[in-house]
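Below is one structure; the comments refer to it alone.
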Amino acid sequence: MQAVILVGGEGTRLRPLTVNVPKPMMPVVNRPFLEHVVDYLRGHRITDVILSMGYRPAVIEQYFGDGRDFGIRLTYVVEQSPLGTAGGVKNVEPYLDGDTLFVFNGDILTDLDLGAMLAFHRERQAQVTISLTPVEDPTAYGLVETDASRRITQFIEKPGRDQITTNLINAGTYILQREVLSHVPAGTYSMFERGLFPLLLERGAPVYGYAADGYWLDIGTPAKYLAAHRDVLAGRIAWPIPGEPVIDGVWAGRDAVIDPTARLVGPVALGDRVRVEAGAQLIGPATVGDDCVIGAESTIEDAIIWAGSQIGPRATLRRCVVGAGCTIHADVAIANGAVVGDHCSIGSGNRLDQNIRVWPSRTLEPQTITF
Ligand code: GTP
C-alpha cells in the first residue's frame, strides 16, 4: 500500500520556527517530526511513501535521501506553486500504482490503528474514508456529521454554538480510492474539505468517517507544539525518546554532561553533548537539543530548546520555544508562549512574554524588552 504525506504547507502559524525549517522537519523531542511519522508508517508495514511538497523541500530531501536508511522508499514530488491538500495529491497521481492509497497531513501526531481503518474502508466499500477524532470545543474546527453507519452526511465549517450536532472533526488521515482523483482539477489549488469531499457527497458517493479515540494532536501552533512535547515526554503516546535514561524520567544523549549540583526533575530529554552547568534547574517537561549549554543557576521548565543554543546564567525559560543556534544571555526571562527564532542573540535582562515572537537572526540589545 502506498502513502502520500502532505508536507507542502508553509506552516505560517508556527512562524518564526518554520522560517528555516518546514513544519514536518521541526524536531519533536529531538527528532524531526517526519521521522516519527515514517517510523509509525513502517510499523504499519507502509514502506512506499510519496511526499507531496512545496515549501523548503530541500531540507526534507537532504535528511531522508531515498529513504533507504529509514527503511522506506521515498518519492519526492514538488509543486511549483501551492496546490492545497487535494491538488497536492492529484499532483502525485503519476506515481501511484495501486487502487487504494493512504493520505496523511504531515503535522498530525497520532497512534491511529491504520490496519483497522483500512479494514473499515474495505468492509464499507468506501471511495473515501476520513479519520475522525472527538474534540472538546468543536466551534474552532470543521465538523464531520455521520449517520449511524458512519456514512458522512455533512461537513460543517466552523459551526456556531447552535449548529453543533457532533464533536467529531476531520483528523487528517484519509484512505482514497484512486478514481476519486478524477474529480480534482490538475495543476489548480484545491482543498479536500472545501472541494473534493463535499462534491463526492453531492454525487452520493460512499464517503465514510472512521472515528477513533486514540491519541490525536496536530502540531500546527506553538501551543500545540509544546503540548506535543508534554504528551510524548509523559508517555501519553508511545513515541521513542532519543538518548538513554540516566535518572528517573531523564534521558540524555551521547556525551551529555550534567553538573552534580544541577537539579533535574523529569520528564526531561537532553540531546547529545548537552552541558548542564552548576545549580541549573531543568523541570520537566523540557527538551534540550544537541550541543546546547544550560547556564549556571538557570531554570528551564516546560520549554523546548533547539540544537546549538546557549542559555546564560540565571536565565529563566518557562513555556516557550527557543530555536537553533541562539544565544540567550544572563538574566533573560522567556515565558508564556514566547518563541525565539533561530540564531537570535537576546541580550541580558530582556523579558519576552505573552506569545511574543522574535524572527530569526535578530539581536536584542540588553534590557530592550521588559514587560
Ligand atoms: P498554516 O500555514 O499554519 O495553516 O500551516 P500549513 O501551511 O501546514 O497548513 P495546514 O496546517 O492547513 O496543512 C495541513 C497539511 O497539509 C500540512 O501537512 C501541510 O504541509 C499540508 N499542505 C497544506 N497546504 C499544502 C499545499 O499547498 N500543498 C501540499 N503538498 N501540502 C499542503
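The values are calculated or read from the model by the stated rules, or taken from the named source; none is laboratory data. Computed from a predicted structure; not experimentally measured. Heads up, the Cβs are rebuilt from the backbone with ideal geometry, glycines too, and the neighbour counts pull from every protein chain shown. To get the accessible areas, we keep the full protein, side chains included, count just its heavy atoms, and leave off ligands, DNA and RNA. Shrake-Rupley method; radii C 1.70, N 1.55, O 1.52, S 1.80 Å.
A few comments on the model shown:
- Tally, over segment 245-261, of residues that are surrounded by fewer than 18 Cβ atoms within 10 Å (Cβ to Cβ) and touching a strand residue (DSSP E or B) at 6+ places or on another chain (Cβ under 8 Å): 6
- The number of residues in segment 92-115 being touching a residue at least 24 places away in the same chain (Cβ under 8 Å) and over 20 Å from the mean Cα position of the chain (by Cα) comes to 10.
- Within segment 220-252, the set of residues being out of contact with any Lys or Arg (no Cβ under 7 Å at 6 or more places or on another chain) and part of a loop (DSSP other than H, G, I, E, B) comprises Ala234, Gly235, Arg236, Ile237, Ala238, Trp239, Pro240, Ile241, Gly243, Asp248, Gly249.
- Positions within segment 181-199 being more than 25 Å from the chain's Cα centre (by Cα) and surrounded by 19 or more Cβ atoms within 10 Å (Cβ to Cβ), in sequence order: Val184
- Among strands (runs of 3 or more DSSP E) entirely within segment 34-115, having at least 1 residues that are of a type in the set (Ser, Thr, Tyr), in the same structural domain as Leu217 (by TED's automatic domain parsing) and away from the ligand (no atom under 15 Å from the Cβ) singles out 100-105.
- Cβ-Cβ contacts under 7 Å between residues 6 or more apart (or on different chains), taken from a first residue in segment 139-152 that is assigned by TED's automatic domain parsing to the domain that holds Glu202 to a second residue that is loosely packed, with under 11 Cβ neighbours inside 10 Å and outside any strand (DSSP E or B), are listed as Thr139/Arg161.
- Among the conditions (1) in a loop (DSSP other than H, G, I, E, B); (2) open to solvent by 30 Å² or more (accessible area, probe 1.4 Å); (3) near the ligand (Cβ under 9 Å from one of its atoms), Thr18 misses just one, which is (2).
- Matching residues, segment 322-360, being among the hydrophobic types (A, V, I, L, M, F, W, C) and farther than 22 Å from Arg263 by Cβ: Ala324, Cys326, Ala338, Val339, Val340, Cys344, Ile346, Leu352, Ile356, Val358, Trp359
- Some residue of segment 28-42 being within 23 Å of Ser131 (Cα to Cα), buried (at least 22 other Cβ atoms within 10 Å of the Cβ) and among the aromatic types (Phe, Trp, Tyr): yes
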